[in-house]
Amino acid sequence: MTDFFQDQPLRIAGHAFTSRLLVGTGKYKDFDETADAIAASGAEVVTFAVRRTNLGQEDGPNLLDVVPPERFTLLPNTAGCYTAKDAVRTCKLARELLDDHKLVKLEVLGDDSTLYPNVVETLKAAEELLRDGFDVMVYTSDDPIVAQELERLGCCAIMPLGSLIGSGHGIQNPHNIRLIIEQANVPVLVDAGIGTASDAAMAMELGCDGVLMNSAIAHARQPVLMASAMKKAVEAGREAFLAGRMPRRQSADPSSPFAGRING
Amino acid sequence: MQIQLNGEPRDLAPGLTVAQLVDDLGLTGRRIAVERNEEIVPKSEHDATRLADGDRIEIVHAIGGG
């Protein structure tokens, strides 16, 4: 942020963050690239998946050495879960993995080809996780009624998709995202669908509290450079939102005064 | 006895503890979490938890994901 302006921190479940860009750790070519991209993004919250240990290949580096819990706020996710039951099991494993860590990203998917959220299972899982003391940031569709219900249950952040996971199609329904933001009393973050920097800026200009992305950075031709672009886009979009855009007009309106023209 | 370990059958000596299994797999000190029959086995209970025939054990870790 510029020196004449100090933004409020992004507050989620008792944490306070300066960066409003949250990033994933998937699809990078190696851990060095992962670490460099995260550093360039300035992200303080980093999400990761929980999977079976590859038995017999235990000597490689561990993701948690690249994103140490002492330096980042880790956000284990339930990517790959298709039922509330699997998502809850995964969160419990993550809590054990990170020594009683409570902040999770819940996502329960509907099918393999769209990875669209199954909101029925998502609601079920959210309820159970919240009862069990988890702080739940929830990936969901851009349906304002579902978003409202997830907030009512007690989710600490609502994370509607911009478009399908990994599609890079940007924000397909900005009007719905706006509706969700206007009614919400918890942070709203666009999660999924961001393709390039202007998509991230658009999310922030709509009034989102943050943006979560993975593929847009990891699948760029130069991931580290894109991570830097995304950092700036999120900051620029945030400042533009707070500054308030000029009204749109039907006709032109010159920036230079008419008075005093030499042909006047 | 035989257990299911990360979805695969595995023969083990009877009476093995979770801690011994983790050690045999070379995972001691690694950042992992263990689930036995869909219930978490906290690290503090690895030493005291004895495996039984037919147990379904999951050992997980963190990997890249979004």
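Among A:197, A:16, A:35, the residue with the largest mean-square fluctuation in a Gaussian network model of chain A, with springs joining Cα atoms closer than 10 Å, is A:16. Normalised size of the stretch A:1-83, defined as Cα radius of gyration per 2.2 N^0.38 Å with N residues, equals 1.29.
Across A:106, A:93, A:75, mean-square fluctuation computed from a Gaussian network of chain A (C-alpha pairs under 10 Å connected) peaks at A:93. Here the Kirkwood formula, the inverse mean of 1/r across different C-alpha pairs, assigns the stretch A:163-236 a hydrodynamic radius of 12.2 Å. Treating each Cα of chain B as an identical point scatterer and ignoring solvent, apply the Debye formula and state log10 I(q)/I(0) at q = 0.13, 0.16, 0.23 Å⁻¹. Ignoring solvent entirely, the Cα scatterers give -0.32, -0.49, -1.00. Sorted into 5 angstrom bins from 0, the C-alpha pair distances of the stretch A:6-145 split as 2, 9, 18, 20, 20, 17, 10, 3, 1, 0, 0 percent. Using the Cβ-Cβ distance between residue A:183 and residue B:2 with R0 set to 51 Å, the FRET efficiency works out to roughly 0.40.
Listed peptides A:231-238, A:8-15, A:217-224, B:7-14 appear in the order A:231-238, A:217-224, A:8-15, B:7-14 once ranked by packing, highest mean of other Cβ atoms within 10 Å at the front.
Here the stretch A:103-185 is treated as a Stokes sphere of Kirkwood radius computed over C-alpha pairs; at 10 °C and 1.306 mPa s its diffusion coefficient rounds to 124 µm²/s.
Over the Cα atoms of the protein assembly as shown, the radius of gyration divided by the Kirkwood radius equals 1.07; this is the Rg/Rh ratio.
Computed extension length for residue A:39-residue A:256: 73.8 nm, one decimal, from 0.36 nm per residue of separation with the Cα-Cα distance subtracted. Work from the charge dipole of the stretch A:110-264 (Cβ charges, +1 for Lys and Arg, -1 for Asp and Glu, about the Cα centre) and give the residue of A:120, A:219, A:242 farthest towards its positive end. Positive-most Cα among the choices belongs to A:242. For the listed residue pairs A:105/B:43; A:231/B:43; A:29/A:85; A:92/A:124, the alpha carbons are over 26 angstrom apart in A:231/B:43; A:29/A:85. Taking only the alpha carbons of the stretch A:107-264, we obtain Rg and Dmax values of 19.3, 76 Å in that order. The orientation-averaged projection of the convex hull spanning the C-alpha atoms of the stretch A:133-172 amounts to 3.0 square nanometres.
Computed from the coordinates by the stated procedures, all read-outs in this text should not be read as laboratory data. A quick note: this is a predicted structure, and the numbers were derived from the prediction, not measured. Ideal geometry is used to build each Cβ from the backbone, glycine not excepted, and the neighbour counts take in all protein chains shown.
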